[in-house]
Amino acid sequence: MLLLVGSFRPTTSSRPKLLTDISDGFRLVWRDPLLRTLVIIVAVMNIGWSAWLSMMVLYMVKPGPGGLSEFGFGLMLTSIGIGGLVGALLTVPLVNRIGRRWAIGADILGTFLMLTIPALSSNAWWIGGAAIIGGFGGSMWSIVVSSIRQQIIPDAMLGRTGGVFRLFGYGALPLGSALAGLIGEAFSIPAVFAFCGGATALLFIPFFRNITPTALRYNQV
């Protein structure tokens, strides 16, 4: 970082105003259909990821229907990391081939599969394979969406809009755990996965409506 060339000081000389800066970030994200859609997608998918992680140990470890030992369950969870590593390596060539729009769509589809398959089967191989796809999509999402934000958001607003994305993304995690507990208690653990998978599938509606080639403005990394 010390070797980077350029000026990285704020362009404004006025003192920052916390509430004004926060509201400016929210306003910019919410008024832009593309950014608004992306922040909604990350919130809904993170609810699903959190619910998945909260319920999976009860579902897969003995005496749950998955029948795994503690070691086997930990081994199964490494599938997410494997998918994430592969995604980090292959995202750029894949996006150069299919474009950013379909990379985002592929992540929604991968998350849908990861969340829905446990609702249909407790087989560890199926669930682990779906988790690899989900981990791959997670890495791809981070790379693609971060590059989109950096290219379409003014430099002075990057920090504020980044805070909005983190608020919705990280704020969704405890909501997902709470929702999973409520649904699991009222219905069943598979119902948690089915609900989150269905909610993720609905994301294709704003995806096709607002994440268009014109809105993205860029097709390549």
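The values are calculated or read from the model by the stated rules, or taken from the named source; none is laboratory data. Source: prediction; values computed, not measured. As a convention, Cβ positions derive from the backbone with ideal geometry for all residues, glycine included, and neighbour counts pool all protein chains shown. Each accessible area value is taken on the protein alone, full model and side chains, heavy atoms only, with ligands, DNA and RNA left out. Shrake-Rupley method; radii C 1.70, N 1.55, O 1.52, S 1.80 Å.
How about the range 45-65: which of its residues are among the aliphatic types (A, V, I, L, M) and either without any contact (Cβ under 8 Å) to a residue 12 or more places away in the chain or surrounded by fewer than 21 Cβ atoms within 10 Å (Cβ to Cβ) (or both)?
Matches in the range 45-65: L53, V57, L58, V61.
Residues A156, A178, A215, A191: which one is farther than 27 Å from G25 by Cβ and aliphatic (A, V, I, L, M)? Residue meeting the stated conditions: A191. Pairs linking a residue in the range 66-78 that is over 20 Å from S121 (Cβ atoms) and open to solvent by less than 30 Å² (accessible area, probe 1.4 Å) to a residue that is in a loop (DSSP other than H, G, I, E, B) and among the polar types (S, T, N, Q), with Cβ atoms under 7 Å and 6 or more positions apart or on different chains, do not occur.
Residues checked against (1) small (G, A, S); (2) out of contact with any Pro (no Cβ under 8 Å at 6 or more places or on another chain); (3) open to solvent by less than 30 Å² (accessible area, probe 1.4 Å); (4) at pLDDT below 95:
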{"position": "I80", "(1), (2), (3), (4)": "no, yes, no, yes"}
{"position": "G84", "(1), (2), (3), (4)": "yes, yes, yes, yes"}
{"position": "P93", "(1), (2), (3), (4)": "no, yes, no, yes"}
{"position": "R97", "(1), (2), (3), (4)": "no, yes, no, yes"}
{"position": "A103", "(1), (2), (3), (4)": "yes, yes, yes, yes"}
{"position": "I127", "(1), (2), (3), (4)": "no, no, yes, no"}
{"position": "G137", "(1), (2), (3), (4)": "yes, yes, yes, yes"}
{"position": "S142", "(1), (2), (3), (4)": "yes, yes, no, yes"}
{"position": "Q150", "(1), (2), (3), (4)": "no, yes, no, yes"}
